[in-house]
Amino acid sequence: MRSANLDQYRIEVARRVAERNPSGLLRGTPQAMLRSLVVVAFTVDRGGRLVNASVYRSNGDSEAEALALASLRRSAPLPAPPSRLLDGNGQLEMMEGWLFNDDGHFQLQSTASAQAQSID
């Protein structure tokens, strides 16, 4: 059950990031060969405050990494996580992927549209 709750919370976080970063949001289908996939590890406290955030994995695209981290920080505070997901310190550690097209627009992996199947 924890997994289903975490998946739902990820979707809530992705929606918050999208609403707080409308100019960076990719609308429509991500291209077949993404410019970058940036995985961000972050910690949220019981009130939704961002405790820390760092790039967990990337292809080395420093601009995309900076955009991912900045978009997450602009979105704080995040929705408060369900109490059953919190650790003994009252925090939740999680990861999310930012999918970047060549133009720098992004979608979050939890709510992303299916990628294009061919390179045009």
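Show the residue pairs that are 6+ apart or on different chains and have beta-carbon atoms under 9 Å apart, the first residue being within region 1-30 and farther than 14 Å from Leu78 by Cα and of a type in the set (Gly, Ala, Ser), the second being outside any helix (DSSP H, G or I) and at pLDDT below 95.
Gly28/Ser113
Considering only residues that are loosely packed, with under 12 Cβ neighbours inside 10 Å and either free of Cβ contacts under 8 Å to residues at least 12 places away in the same chain or in contact with a Ser or Thr (Cβ under 8 Å, 6 or more places away or on another chain) (or both), which ones fall in region 83-102?
Asp87, Gly88, Asn89
Among (1) modelled with pLDDT under 95; (2) surrounded by 16 or more Cβ atoms within 10 Å (Cβ to Cβ); (3) among the charged types (D, E, K, R), there is one condition Arg2 misses while meeting the rest; what is its number?
The number of the failed condition is (2).
Are any residues in region 65-84 farther than 15 Å from Pro22 by Cα and in contact with a helix residue (DSSP H, G or I) (Cβ under 6 Å, 6 or more places away or on another chain), and if so, which ones?
Leu78, Pro79, Pro81, Pro82
Would you point out which residue out of Glu65, Glu93 is in contact with a strand residue (DSSP E or B) (Cβ under 8 Å, 6 or more places away or on another chain), charged (D, E, K, R), at pLDDT 95 or above and part of a strand (DSSP E or B)? Explain how you work it out, then say what you get.
Working: Glu65 fails: part of a strand (DSSP E or B).
Matching residue, one of Glu65, Glu93: Glu93.
Out of all the residues in region 96-120, which are more than 23 Å from Arg10 (Cα to Cα) and either among the charged types (D, E, K, R) or at pLDDT 95 or above (or both)?
Within region 96-120, Asp102, Asp103, Asp120 qualify.
Taking the condition of being more than 11 Å from Leu99 (Cβ to Cβ), of a type in the set (D, E, K, R) and surrounded by 11 or more Cβ atoms within 10 Å (Cβ to Cβ), how many residues in region 20-35 meet it?
1
Just to be sure, is Val51 within 22 Å of Glu12 (Cβ to Cβ), assigned to a strand (DSSP E or B) and within 13 Å of the chain's Cα centre (by Cα)? Please lay out each step first, then the result.
On the way: within 22 Å of Glu12 (Cβ to Cβ): yes; assigned to a strand (DSSP E or B): yes; within 13 Å of the chain's Cα centre (by Cα): no.
Answer is no for this residue.
Among the candidates Val40, Val17, Val44, which residue alone is surrounded by 18 or more Cβ atoms within 10 Å (Cβ to Cβ) and part of a helix (DSSP H, G or I)?
Values: Val40 fails: part of a helix (DSSP H, G or I); Val44 fails: part of a helix (DSSP H, G or I).
Exactly one residue qualifies, and that residue is Val17.
Is there a residue in region 27-35 that is at pLDDT 95 or above and not in a loop (DSSP other than H, G, I, E, B)?
The answer is no, given that none of the residues of region 27-35 is at pLDDT 95 or above and not in a loop (DSSP other than H, G, I, E, B).
The values are calculated or read from the model by the stated rules, or taken from the named source; none is laboratory data. Keep in mind that this is a model prediction, so the values were computed, not measured. All Cβ positions, even for glycine, are placed from backbone atoms using ideal geometry, and neighbour counts span all protein chains on display.
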